[in-house]
Structures are given as C-alpha cells and as structure tokens.
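A.B. asks: I am attaching a structure below and will ask some questions about it afterwards.
The values are calculated or read from the model by the stated rules, or taken from the named source; none is laboratory data. Here the structure is a predicted model, which is why all the values come from computation and not from measurement. Every residue, glycine among them, receives a Cβ derived from its backbone with ideal geometry; neighbour counts consider all protein chains shown. Remember, those area values only see protein heavy atoms, side chains included, never the ligands or the DNA or RNA. Shrake-Rupley method; radii C 1.70, N 1.55, O 1.52, S 1.80 Å.
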Amino acid sequence: MSEYLWHCPFCNRDQTVIDEGRQISFADLTIDNADGPRRLVIKFVVCPDTQCRKFSLSVSLHGLETSGNRSYTGKLLKTWGLIPPSRARAFPAELPPAVLENYQEACFAIEFSQKVAAALARRCLSEMLRDFWEVQPGSLSDEFRQIKGTVDPLTWEAIESIRKSGTIGTRMENIGAEILDTDPGEAELLIGLIETLIQDWYVSREERRKRLAKIKEITGE
Ligand SMILES: [Zn+2]
C-alpha cells in the first residue's frame, strides 16, 4: 500500500491519500501518427476527510513506451486539471483584491500558458510585498531583499530557494510584469511560493487576530 500527501482543493487541507482513495486509468493512442504513440492518464482522487469526500479529476498526456508486448507510461507532456477547473485554493483570510485576482488568474493560466502564469505569479508576489510589507516598488528581487531580516527565517528560506535558482531568480530582476520565457515548472514553483506566503502572512495574521479577540472576550477588555 502506498500513501502520499495531497492537498484537497475543496476542504483546503493537506491529506494523506492511500491507494483506495484514487483511481487511475489509461487511454492509449497507438495509431501511427506524426507525434508518436501517446498515453492519456486519467486520475481521480477522493478526499479522505469524512466531512469532505469530494473528488478531483485530472488528466495528463504522456509518451507511450513499449518493450516487447508491454507498454509503459512515458515522459509527461501536459497536465489538465478538470475538476476543480483551476488549482487555486481558498484561503481562510481576506486578501487584497489585486493579490487574489492575480493568484487566481495565474492558477487558471497555468493550464494553457506557463509564460503567462509565471508573469501573473510574479505580479502577485509583488502586490503582496507592497501590501503586506509596504516595500518600495522596484524589481521583484529588490522588493524581496527589502524584507530580508524582517520575515520569519523559514519563510525567507522558501523565498531564497526560488530567488537563487538560476534563471528564475534572474527573471525576478526585471521591473514590471513582463511576459518572459520560462523554465519548465517555474510557474508551478512561483504559485507554490505565493500559497506559502499567503499562509505565512495573511492567514497567520488572521489567526492571531482571532486569538486576540478571544482573549479580549474572556478578559472583558
Ligand atoms: Zn477535502
């Protein structure tokens, strides 16, 4: 039995999914064609949370490898999220409209354009820095530098691991929301960083507010 960690887009929680919680089937293209044999992998995942139990559906296109009369799933070519239609999460905190819009649009765009999604994600990160930390506008990289030493060391580590990763970091040096070439997986990484930072900044602040309100209620202040 294998287990893996999975984030449910419906109840917005990390869940451990076991084999019984997912169903995978294949559809193979074996007709001779210009691009070669292909395999479509269809994946259903059912949320193990008893209150939720919603299913997610995604399909991915792969190459199809054959050896003798056995066939194998080859290189991943493209993934589509079908249910829910976008991978955007819901957060238990109010976000500035510009942050929320850019985040949701980046999640939506990733299905058809990595370049557009990465540009929207960089714009979203910049909006967050200007809103939450009131940084002076500059390149994204420079805006991040302004919060070094202020943010939680673990959060900074997450930022630095992306900021220092070669061409992804270089593109953060650009001013403005230009659409630039992207590395494979770059948009995914940037969206992941946005989600980490929304959690660490906006959601944590909201939780602190709630705790404080509760204390005040008890002490009657
Ligand atoms: Zn769920």
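A.B. asks: What are the ³J(HN,Hα) couplings of the stretch 11-25, residue after residue, when phi is run through the Karplus curve with 6.51, -1.76, 1.60 and θ = phi - 60°? Round to Hz, x for glycine and proline.
C.D. replies: Result, ordered by residue: 8, 6, 10, 6, 10, 9, 9, 9, 3, 5, x, 9, 10, 10, 9 Hz.
A.B. asks: Explain nothing, just the number: relative contact order of the chain, from Cα pairs under 8 Å at least 6 residues apart, as a whole percent.
C.D. replies: Values: 310 pairs, mean separation 29.1, N = 221.
This gives 13 percent for the chain.
A.B. asks: Using a Gaussian network for the chain with springs between C-alpha atoms less than 10 Å apart, which of these wobbles most: L57, L190, L125?
C.D. replies: L57
A.B. asks: Loop by DSSP (not H, G, I, E, B), at most 16 other beta-carbon atoms within 10 Å: where is the longest site-free stretch of the chain for trypsin sites (Lys or Arg not before Pro)?
C.D. replies: In the chain, the maximal stretch lacking such sites is 55-147.
A.B. asks: Same structure, new question: Where a ≥ b ≥ c are the square roots of the eigenvalues of the C-alpha gyration tensor, would you call the stretch 105-157 rounded, which needs a/c under 1.5, or, failing that, prolate if a/b is larger than b/c, or oblate? Each step should come with its number before you reach the end.
C.D. replies: Values: a/c = 2.69, a/b = 1.99, b/c = 1.36.
The shape class here is prolate.
A.B. asks: Which whole-Hz couplings ³J(HN,Hα) result when phi for each residue of the stretch 149-154 is put into the Karplus expression 6.51 cos²θ - 1.76 cosθ + 1.60, θ = phi - 60°, listed in order with x for Gly and Pro?
C.D. replies: Working through the residues one at a time gives x, 9, 7, 3, x, 5 Hz.
A.B. asks: Just to confirm the number: angle between the C-alpha axis of helix 114-132 and the first principal axis of the chain, 0 to 90 degrees, nearest 10?
C.D. replies: Taking the Cα atoms of the chain, the angle to 114-132 is about 20 degrees.
A.B. asks: Leaving out ligands and nucleic acids, and using a 1.4 Å probe, what accessible area per residue does the stretch 3-83 come to in Å²? Before the final figure, lay out the partial values.
C.D. replies: Details: 5470 Å² over 81 residues.
Heavy-atom accessible area per residue stands at 68 Å².
A.B. asks: On to the next question. Round to the nearest 10 and give me the degree value, 0 to 90, for the angle of helix 97-109's Cα axis relative to the longest principal axis of the chain.
C.D. replies: 10
A.B. asks: If you don't mind, another one. How much accessible area per residue does the stretch 97-219 have, in Å², with a 1.4 Å probe?
C.D. replies: That works out to 54 Å² for each residue.
A.B. asks: Around I83, with a cut-off of 12 angstrom between Cβ atoms, what is the net charge of the other residues, counting Lys and Arg +1 and Asp and Glu -1?
C.D. replies: Summing Lys/Arg as +1 and Asp/Glu as -1 gives +3.
A.B. asks: Per residue of the stretch 35-40, what does 6.51 cos²θ - 1.76 cosθ + 1.60 with θ = phi - 60° give for ³J(HN,Hα)? Whole Hz please, x for Gly and Pro, Karplus curve as stated.
C.D. replies: Values per residue, Gly and Pro as x: 9, x, x, 9, 10, 9 Hz.
A.B. asks: Give a quick list of GluC sites (Glu not before Pro) in the stretch 157-205 that DSSP marks as loop, anything other than H, G, I, E or B, with at most 15 other Cβ atoms within 10 Å. Write down the numbers at each step before the final one.
C.D. replies: On the way: sites: E157, E160, E173, E178, E186, E188, E195; in loops: E173, E178.
Filter output for the stretch 157-205: E173, E178.
A.B. asks: Using a 1.4 angstrom probe on heavy atoms only, work out the carbon and sulfur share of the accessible area of the stretch 119-161 in %.
C.D. replies: So the carbon and sulfur contribution to the accessible surface is 47 percent.
A.B. asks: Next up: Please give, to one decimal in nm, the separation of the simple spin-label points placed at Q136 and T30, each 7 Å out from Cα toward the Cβ.
C.D. replies: 6.6
A.B. asks: A further question follows. Amide H neighbours of R13 under 5 Å, at least 5 residues apart or on other chains, H built in the peptide plane: list them.
C.D. replies: When sequence neighbours closer than 5 places are left aside, the close amide H contacts are C8.
A.B. asks: Could you work out what % of the accessible surface of the stretch 3-83 is carbon and sulfur, using a 1.4 angstrom probe and leaving DNA, RNA and ligands out of the count?
C.D. replies: With neighbouring chains kept in place, the figure for the stretch 3-83 is 52 percent.
A.B. asks: Taking Cα atoms, how many degrees apart are the long axis of helix 204-219 and the longest axis of the chain, rounded to 10 and kept between 0 and 90?
C.D. replies: It works out to around 50 degrees.
A.B. asks: Answer rounded, prolate or oblate for the chain, using the Cα gyration tensor with square roots of eigenvalues a ≥ b ≥ c: rounded when a/c is under 1.5, else prolate when a/b is larger than b/c, else oblate.
C.D. replies: Here the chain falls in the oblate category.
A.B. asks: Over the stretch 97-219, with a single point scatterer placed on each C-alpha, what log10 of the ratio I(q)/I(0) does the Debye formula yield at q = 0.16 1/Å?
C.D. replies: Here log10 of I(q) over I(0) equals -0.74.
A.B. asks: For the stretch 130-181 and the stretch 196-214, what is the separation of their Cα centres, given in Å?
C.D. replies: What the calculation gives is 22 Å, centre to centre.
A.B. asks: Related question: Among rounded, prolate and oblate, which fits the stretch 1-115 when a ≥ b ≥ c are the square roots of the eigenvalues of its C-alpha gyration tensor, a/c under 1.5 means rounded, and a/b larger than b/c means prolate?
C.D. replies: Values: a/c = 3.37, a/b = 1.52, b/c = 2.22.
Taking the square roots of the gyration eigenvalues as a ≥ b ≥ c, the stretch 1-115 is oblate.
A.B. asks: Can you list the chymotrypsin sites (Phe, Trp or Tyr not before Pro) in the stretch 65-137 that are in a DSSP coil and have 11 or fewer other beta carbons within 10 angstrom? Don't jump to the answer; show the numbers that get you there.
C.D. replies: Details: sites: Y72, W80, Y103, F108, F112, F132, W133; in loops: F112, W133.
Counting only loop positions with at most 11 other Cβ atoms within 10 Å, the chymotrypsin sites (Phe, Trp or Tyr not before Pro) in the stretch 65-137 are F112.
A.B. asks: Please identify the cysteines of the chain that lack any partner cysteine with a Cβ under 4.7 Å from their own Cβ.
C.D. replies: So, C107, C124.
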